[in-house]
Amino acid sequence: MKIDALRAFQLVVEHGTLSAAARVLNISEPALSRSISALERELRLELFDRTGRQLRPTETGRAFLQEIQPVLSGLERIGDFAAEIRAGSRRRVRLVSMPRLSTAITAPVVARFKAAHPEVDLSVDIQPRRLLETWITGQRFDLGLSSLPARHRDIDTRLLFELPAVAVLPVGHRLAKAEAVTVEDLTREAFLTLSPGTLLRQQTEAIFGHANALLRPVVEVSQAMLACQLVMQGTGVTICDPMLPSAWPERLTCVPIAPRYRMAFGMHFLRGQELGPEAQELVRLTREVADGFLEAQGLPPQRARELGAQPSAMR
């Protein structure tokens, strides 16, 4: 598959017409049309709806673009990386994190690292967990942070910590002072959850299924942060880990789910890649921040370990 064809596809989507994209690429419209058609044949996907004057991406085309954009973005920076290496310029460490860890873990880690190592360039990329495969195939990180399980033949994973699933409630809610809440309690509430197919949605369904209860959300959203913000607005309640809600202690309350359900998070490393001293320091700081978060939540420190089979989540 030619990278030029992927770039051409991206430009046609961005500009909406073959003529505009062809001008950017400095090629003829027929040549661009042949390139797009060849890409569709190779992928065996219909990427565009050709019924109107403009080329509109199909749903399949939009999904494909979403997957290749991080890869193309990385390729665009290869020249910059090569120039830095030739010039013997500043060192660079790459951190990729999913959004659920960004507030409680990623931001403090970045702040501490830069305070201690201002001479090192740190690249931080917040990506949804579903793009984990893209992180790996693009070889785009020294340290990756995500929820678990996350298995891939090209990564090694260490447990960062396990956190209890919590009901996220607005301050002053009738259940806010309870020691724990049950699924039965939550079935009486307007319930918010993530979209089908996301890990947090699967975890929520497992919690409800263990209690033989049917999950009936009033709103489905694509990100846990939005779910927490809707809880603050009084739209309903949700289930999450304690990390995101901890950003708004004056507006949100977290109450553990009973029986306890564990949500695991891990650190990922490219298999066979030797970490430089700066990347090792980033890992150390991540462990330090994670231990501090556990302490703030009244939870004992947890020993990092290499992960094989994932344990059962229910207790």
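Brief remarks follow.
- Per the conditions (1) farther than 23 Å from Leu186 by Cβ; (2) within 21 Å of the chain's Cα centre (by Cα), the sole criterion not satisfied by Glu281 is (2).
- Any hit, the range 31-40, residues being in a strand (DSSP E or B), farther than 21 Å from Leu75 by Cα and either among the acidic types (Asp, Glu) or within 29 Å of the chain's Cα centre (by Cα) (or both): no
- Here is the figure for the range 163-185: residues that are part of a helix (DSSP H, G or I) and under 14 Å from Thr253 (Cβ atoms) total 1.
- The set of residues from the range 66-110 being exposed (fewer than 14 other Cβ atoms within 10 Å of the Cβ) and modelled with pLDDT of 90 or more is empty.
- Meets criteria (more than 22 Å from the chain's Cα centre (by Cα), more than 19 Å from Glu179 (Cβ to Cβ) and either of a type in the set (S, T, N, Q) or not in a helix (DSSP H, G or I) (or both)) for Gly272: yes
- Long-range neighbours under 7 Å by Cβ, at least six apart or interchain, first residue in the same structural domain as Ser97 (by TED's automatic domain parsing) within the range 108-122, second surrounded by fewer than 17 Cβ atoms within 10 Å (Cβ to Cβ) and part of a helix (DSSP H, G or I): Leu122/Lys114
- Residue in the range 168-190 that is polar (S, T, N, Q) and buried (at least 19 other Cβ atoms within 10 Å of the Cβ) present: no
- You will find that of Ala247, Ala264, the residue that is loosely packed, with under 15 Cβ neighbours inside 10 Å, within 22 Å of the chain's Cα centre (by Cα) and in contact (Cβ under 8 Å) with a residue 24 or more places away in the chain is Ala247 and no other.
- Number of the condition not met by Ser195 [criteria: (1) in contact with a strand residue (DSSP E or B) (Cβ under 6 Å, 6 or more places away or on another chain); (2) among the small types (Gly, Ala, Ser); (3) closer than 27 Å to Gly292 by Cα]: (3)
- Residue in the range 135-157 that is within 20 Å of the chain's Cα centre (by Cα), at positive phi and not small (Gly, Ala, Ser) present: yes
- For the range 198-213, a residue qualifies if it is touching a residue at least 24 places away in the same chain (Cβ under 8 Å) and either of a type in the set (A, V, I, L, M, F, W, C) or in a loop (DSSP other than H, G, I, E, B) (or both), and the qualifying residues are Thr198, Leu199, Leu200, Ala206, Ile207, Phe208, Ala211, Ala213.
- Residue within the range 200-217 that is under 26 Å from Val289 (Cα atoms) and under 15 Å from the mean Cα position of the chain (by Cα) present: yes
The values are calculated or read from the model by the stated rules, or taken from the named source; none is laboratory data. Quick caveat, the model's predicted, so the values are computed rather than measured. Glycine also receives a Cβ, built like all others from the backbone with ideal geometry; neighbour counts cover every protein chain displayed.
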